[in-house]
Structure formats: structure tokens, C-alpha cells
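**Q** Encoded as C-alpha cells, here's the structure I'll be asking about.
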Amino acid sequence: MCIRDRWNNEGDNVDPTINANFAKVKRWAMVKALKDTMIYPNDGEWWGCFAADGETRLAMNQTEWYTKDLFGLKTADQAGKILFDTSPGDHLQFTQEELYGWVDKYFLE
């Protein structure tokens, strides 16, 4: 089992502290780069992934770690803690104004 599988609480050894720690975060701002050439599929920037067939793209709420709430993603989403936004460019290619805008929008109270 790889480290990513352990972080996602996949497999036989479920660690309840992973869910507890994930739940401690007030909110997650997930920013997808619409022209990303580093993350493929870029759906992964919004917790999506490929299905087992390697071709079908799954949205966050279709993934096993969401439907089984393996690390608390579903719980956080249903609590309104997962927020989504986009940037028009490539991976980590955004302006300072965009960054400050996301901080203001999602993290300043």
C-alpha cells in the first residue's frame, strides 16, 4: 500500500485520526487550473480522478473516498467546507490579485 492510500484511509487499516484531523479544517478552497498541464486529469484539483477503467473521469462525489467518506471528504463537503474556484491558466499560473482575491473570498472573516 502506498502512502497516498494510507492518507486516503484506503485498505484494511482505517485510521480514525485522519477523519478527525481533516474535520478540524474550517474550509478547503480548491482552485482548478483550467489549462493545467501538470495535474492530469485536472479534475484531481477538485478531488476528482479517473475511474478504474482509466478513461472515465469521476467528479469528487463519485469517488470511492467520497462515497465511503474514507478520510472525511464527504462530511466536510456536506458541512459546506469544500469551496471551488478556477483559474484560466496552467498549473500555479495565477496573478497576485487572483491569489489575494481567493484569500479574501475564502479565508478572511
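A short reminder: the numbers here are calculations on the coordinates, not readings from a lab. Nothing here was measured: the structure is a model prediction, and the numbers come from that model. Because the Cβ atoms are built from the backbone with ideal geometry, glycine has one as well, and the counts that use them run over all protein chains shown.
**Q** Could you tell me which GluC sites (Glu not before Pro) in region 1-99 are loop residues by DSSP with no more than 14 other beta carbons within 10 angstrom of their beta carbon?
**A** Glu55
**Q** Using the Cα atoms as the points, what is the convex hull volume per residue of the chain in Å³?
**A** Dividing the Cα hull volume of the chain by its residues yields 115 Å³.
**Q** Calculate one ³J(HN,Hα) per residue across region 71-88 by plugging θ = phi - 60° into the Karplus curve 6.51 cos²θ - 1.76 cosθ + 1.60, and present them in order as whole Hz with x for glycine and proline.
**A** Coupling constants for region 71-88: 10, x, 5, 5, 4, 5, 5, 5, 8, x, 8, 9, 10, 10, 8, 9, 10, x Hz.
**Q** Oh, and also: How large is the helix-only mean residue ellipticity at 222 nm for the chain, computed as the sum of -39500 (n - 2.57) over DSSP H runs with n ≥ 4, divided by its residue count, in deg cm²/dmol to the nearest 500?
**A** Roughly -7500 deg cm²/dmol at 222 nm, from the helical runs in the chain.
**Q** Pairs Lys26/Lys105; Lys32/Lys74; Lys68/Lys105: which exceed 21 Å Cα-Cα?
**A** The pairs that break the limit, which is 21 Å between Cα atoms, are Lys68/Lys105.
**Q** Any idea what the relative contact order of the chain is, in percent, if you count C-alpha pairs under 8 Å spaced at least 6 apart?
**A** 32 percent
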